[in-house]
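First up is the structure itself, then whatever we jot down about it.
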Amino acid sequence: MIILRYLYAIYSGFIFILLMLFAVPYYIIVGLIFGDKAQKYMIAYNRWWTVIWSFFAFVRCKTYGEENYDGDKEYVLVCNHTSMGDVIILLSAIKKIAFVPLAKKELRKVPILGYLFSKGAVLVDRKDPDSRRKSVEKLKELGSKKISVMLFPEGTRNPKPENPLKDFHTGAFRIAIDLQRPVLPMVVIGARKLVPGEKFPNQPASLTAHIAKPIPTEGLTQEDAYDLKQRVYDVMEQLLIENDPLYKGYREQRN
């Protein structure tokens with residue numbers, strides 16, 4: 001069994017790397033042709049990248065709640081984070097919105113992927129106030145181009161299933177308030193099965209994405225960030241308790 005998993009991991013990794021290598025000249029070409037407008041074409045490639053990889057890697061994702069958002073509006077998307085599989089599957093799960101992730105500056109150092117992230121994401125040094133300020137300015141600029149942003153409010157992955165969610169940081173909600181964009185909460189279920197224990201080898205999996213109704217931020221100030229954080233946390237926790245078999249009876253057990 002473990003031999004089959006290693007063979008699958010090599011096979012799925014080869015497809016992923018092949019699509020990644022195609023991305024580099026594509027990014028360069030659309031950047032030269034479209035300039036400041038190239039990012040939407042890069043996002044479109046990233047979506048096809050994940051769709052094609054998922055198909056050939058036998059990874060299936062079904063999305064619920066697409067009726068809850070408007071594809072013509074911009075949002076701050078927030079999602080739970082249980083494994084690297086979340087990142088891979090999100091672009092194929094959210095089909096109606098062009099969005100970029102807010103990612104750690106350290107990703108720039110990763111060969112090839114670092115270049116792609118520098119073009120297809122907003123990189124930030126969370127410890128540097130000036131970097132955070134510039135990232136907000138960049139996100140506002142993307143908003144004018146009808147591009148949303150996606151963040152993981154837990155900050156790091158939550159690989160252990162004892163609790164549905166880790167504590168949230170306020171950064172995502174401060175950004176949403178700064179941008180005066182609605183927060184779109186969602187959860188991905190099943191990503192732990194794609195990368196069990198956060199270790200190689202990975203394996204095929206079926207995932208589901210559940211999208212809640214957006215939570216408005218219009219008129220909110222930074223003083224409201226903690227209340228907004230708690231409101232979003234409660235919505236996402238409820239989605240997990242209702243839809244993830246791991247948390248059936250979770251509230252009763254906790255009480």
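The values are calculated or read from the model by the stated rules, or taken from the named source; none is laboratory data. On a predicted model such as this, the values are computed, not experimentally measured, just so you know. Reconstructed Cβ throughout: ideal geometry from the backbone, glycine too, with neighbour counts over all protein chains shown.
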Fill in the blank from the handout: Filter the range 126-155 for residues that are of a type outside the set (D, E, K, R) and over 21 Å from residue 75 (Cα atoms); the one that is surrounded by the most Cβ atoms within 10 Å (Cβ to Cβ) is 131
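Helices (runs of 4 or more DSSP H) wholly in the range 147-255 with at least 3 residues that are modelled with pLDDT of 95 or more and more than 17 Å from the chain's Cα centre (by Cα) - which ones?
Numbers: elements: 171-179, 191-194, 225-243, 250-254.
In the range 147-255, the matching helices (runs of 4 or more DSSP H) lie at 225-243.
Any residue that is surrounded by fewer than 18 Cβ atoms within 10 Å (Cβ to Cβ) and among the basic types (Lys, Arg) - is there at least one of those in the range 209-218?
yes
Does any residue of the range 160-170 turn out to be touching a strand residue (DSSP E or B) at 6+ places or on another chain (Cβ under 8 Å), farther than 24 Å from residue 190 by Cβ and either surrounded by fewer than 20 Cβ atoms within 10 Å (Cβ to Cβ) or of a type outside the set (Val, Ile, Thr) (or both)? Explain how you work it out, then say what you get.
Start the filter on the range 160-170 by keeping residues that are touching a strand residue (DSSP E or B) at 6+ places or on another chain (Cβ under 8 Å), which leaves none.
No, the range 160-170 contains no residue that is touching a strand residue (DSSP E or B) at 6+ places or on another chain (Cβ under 8 Å), farther than 24 Å from residue 190 by Cβ and either surrounded by fewer than 20 Cβ atoms within 10 Å (Cβ to Cβ) or of a type outside the set (Val, Ile, Thr) (or both).
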Fill in the blank from the handout: Per the filter on the range 136-156, residues touching a residue at least 40 places away in the same chain (Cβ under 8 Å) and among the hydroxyl-bearing types (Ser, Thr, Tyr) are 148, 156
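Hey, does the range 114-124 have a residue that's farther than 28 Å from residue 31 by Cα and either part of a loop (DSSP other than H, G, I, E, B) or hydroxyl-bearing (Ser, Thr, Tyr) (or both)? So that I can check it myself, show each step before the final result.
Of the residues in the range 114-124, the ones farther than 28 Å from residue 31 by Cα are none.
There is no residue in the range 114-124 that is farther than 28 Å from residue 31 by Cα and either part of a loop (DSSP other than H, G, I, E, B) or hydroxyl-bearing (Ser, Thr, Tyr) (or both).
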Fill in the blank from the handout: Screening 114, 85 for residues that are small (Gly, Ala, Ser) and at pLDDT 85 or above leaves only 114
